[in-house]
Amino acid sequence: MVAVLLLGAPDIQAQRAGQRAAASESKLATREAMRQLRSGGNAMDAAVTAALVGGVTSPTSSGIGGGGFAVVWDAAKKQAVVLDFRETAPKAIDTAAFEKRPFAWDQRGKYVGVPGEVAGLYAIHKRWGKRKWKDVVAPAARIATTGYKVGRHLGKALKAYQNKLAQDAGLARIFYPRGRPAPYGALLKNEALGKTLEAIAARGPKAFYEGDIAKDIVATTRGAGGALTLADLKAYQVKERKPLHKKWEGYDVHTMPAPSAGGMMLVQTLSLYKKAYLEKLGRKSGAYYHMLAESMRASVADRMRYVGDPDFAKFDMKKLTGDKRMAVRRQSLALDRTHGMPRFGLEEHGTHHLVTSDSSGNMVSLTTTVNRVFGAKLTTATSGIVLNDELDDFTPVAAVTPFGMTKSPNRPRPGARPVSSMTPTIVVQDGKAVLALGGSGGMTIATNVTQATLLRLAFGLSPRKVTASPRFAIPTRGAYLSLQKGEPEALRKDLTSRGEIVNVQTFDTHAIQMIAVEKGRKQAAGDARKHASASVE
Ligand code: GLU
């Protein structure tokens, strides 16, 4: 009964404790994830369903035209596993063209990487799923075909980006009926996508990476200046990677390794500060914000200098995050002094983070994206897929020159995966997963996940309180530190006295979703900033 009541409410924030839990940025995705859990599915089934449904109902943020990362806690094996299903550059990528971004509208196909979503979700299901593949895909196919109501985040995006989005014939047809943005609450359908999902349900990833759908993706991309081929699609591979691990205050933190730089920030920050020190500073103090911001700026500099696709760039993540290096770094950070970071453009805005957990103790923390709002703003001609613009995450030379470099470790290369900020994370205590979290919102993903992890592990806040707490960002241009609107003037003054250059930002595209275990029972929360939802039973 509880679940029914909660599901009926707008923007659910589950407060009850229970054994099964899900949180996502789409009400329908959360609902369908819970249905999987109730029907004998495990956390992995639920995550696959939620990712697919979210891709239908929040196409601003993610979908089968994109890709992502998952950290999975396998309770039976007591093991954290990372799957990387990030988009990949085509073999024939025009690397020189990437120095002259942004691409013209009719060349936006150049941004599109080989989508990894379908292969990644299939890999999760194949390894752990309990329900049939067709049954975990079916809800997304049904919702695409019969329709869903426009959520608040989608409604806002359709209005804000109308000029651009409505220029794409596929997006215009679905999201701009009679030339107007579909308003909040309106019923939308994407029947072509429904058919595509039905084919994937029946035939698995082959239906996507080969045959008519693959041909449609290639033709659409190439029609907009892209270099994708059928061979690129067929060659796509999910990569299993070793999680980045940090033991901190009795917790085992398992987070995302390269090609994400997000986990590096989290691990470096944990290495720099002990719980007692952070408690002493106090979570609302200028000193606390400042010391975290200093650690984060150093991590962003490491990202720019060293991190690339580990299959292409040479760097030693163990060394980068190692205790020795962090001890030296700690010496250079002080309460009364701020390091300026070279200014460079690195801005991102899309993405969907979801978390699921079942009664056997499995947890999934999965971040998926098409990169910016509606990705490349390019819809396939017949299969209804919104394609990603993930290759825009490759770093141009201009962004590393402020670091005294002539080449980025994250430069575009055939077959490479661009560096990401996505930070899916699972925390284990005494062999049991006690926290799953992650976020959306480009660069702020890593800074937000770091802050949220500390609010839980160092200060013991409930998921609901964590997601509702103010957060700060460290922009790469303009100010050094951005505060959320509504923070006290005294905090700004305190930060300024430490050398921080402070401004105020709205944080309505940055979300954190989280499940935490408290006395053996789970609590979940979705971030109200992006109208996310959570459910527990
Ligand atoms: N492309 C971004 C990344 O992987 C995520 C998209 C965004 O949130 O802006 O880090």
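The values are calculated or read from the model by the stated rules, or taken from the named source; none is laboratory data. All values derive from a computational prediction rather than experimental measurement. Glycine also receives a Cβ, built like all others from the backbone with ideal geometry; neighbour counts cover every protein chain displayed. SASA here: full protein model, heavy atoms, side chains in, ligands and nucleic acids out. Shrake-Rupley method; radii C 1.70, N 1.55, O 1.52, S 1.80 Å.
Brief remarks on what is shown
- Residues in the range 218-247 that are closer than 16 Å to residue 391 by Cα and touching a residue at least 60 places away in the same chain (Cβ under 8 Å): 221, 222, 224, 225, 226, 227, 228, 229, 232, 233, 236.
- Residues of the range 461-494 that turn out to be open to solvent by 20 Å² or more (accessible area, probe 1.4 Å) and of a type in the set (S, T, N, Q), as a count: 2
- Count of the range 435-455 residues which are aliphatic (A, V, I, L, M) and within 16 Å of the ligand (Cβ to nearest atom): 6
- Failed criterion for residue 106 (all others in (1) in contact with a helix residue (DSSP H, G or I) (Cβ under 8 Å, 6 or more places away or on another chain); (2) under 26 Å from residue 416 (Cβ atoms); (3) among the acidic types (Asp, Glu) hold): (1)
- When 432, 485 are checked against the criterion of being within 19 Å of residue 80 (Cβ to Cβ) and either within 16 Å of the ligand (Cβ to nearest atom) or more than 19 Å from the chain's Cα centre (by Cα) (or both), a single residue qualifies: 432.
- Flag if residue 110 is exposed (fewer than 15 other Cβ atoms within 10 Å of the Cβ) and either part of a helix (DSSP H, G or I) or more than 22 Å from the chain's Cα centre (by Cα) (or both): no
- Within the range 412-421, one or more residues are outside any loop (DSSP other than H, G, I, E, B) and either under 24 Å from residue 300 (Cβ atoms) or open to solvent by less than 10 Å² (accessible area, probe 1.4 Å) (or both).
- Listed by position, the helices (runs of 4 or more DSSP H) contained in the range 219-324 that have at least 2 residues being buried (at least 22 other Cβ atoms within 10 Å of the Cβ) and in contact with a Phe, Trp or Tyr (Cβ under 8 Å, 6 or more places away or on another chain) are 286-306.
- Single residue of the range 353-395 satisfying the filter (in a loop (DSSP other than H, G, I, E, B), away from the ligand (no atom under 13 Å from the Cβ) and polar (S, T, N, Q)) that is most open to solvent (accessible area, probe 1.4 Å): 382
- Restricting the range 53-80 to residues that are assigned to a strand (DSSP E or B), of a type outside the set (Gly, Ala, Ser) and under 16 Å from the mean Cα position of the chain (by Cα), the residue that is surrounded by the fewest Cβ atoms within 10 Å (Cβ to Cβ): 72
- For residue 401: the one exception among (1) exposed (fewer than 14 other Cβ atoms within 10 Å of the Cβ); (2) within 16 Å of the ligand (Cβ to nearest atom): (2)
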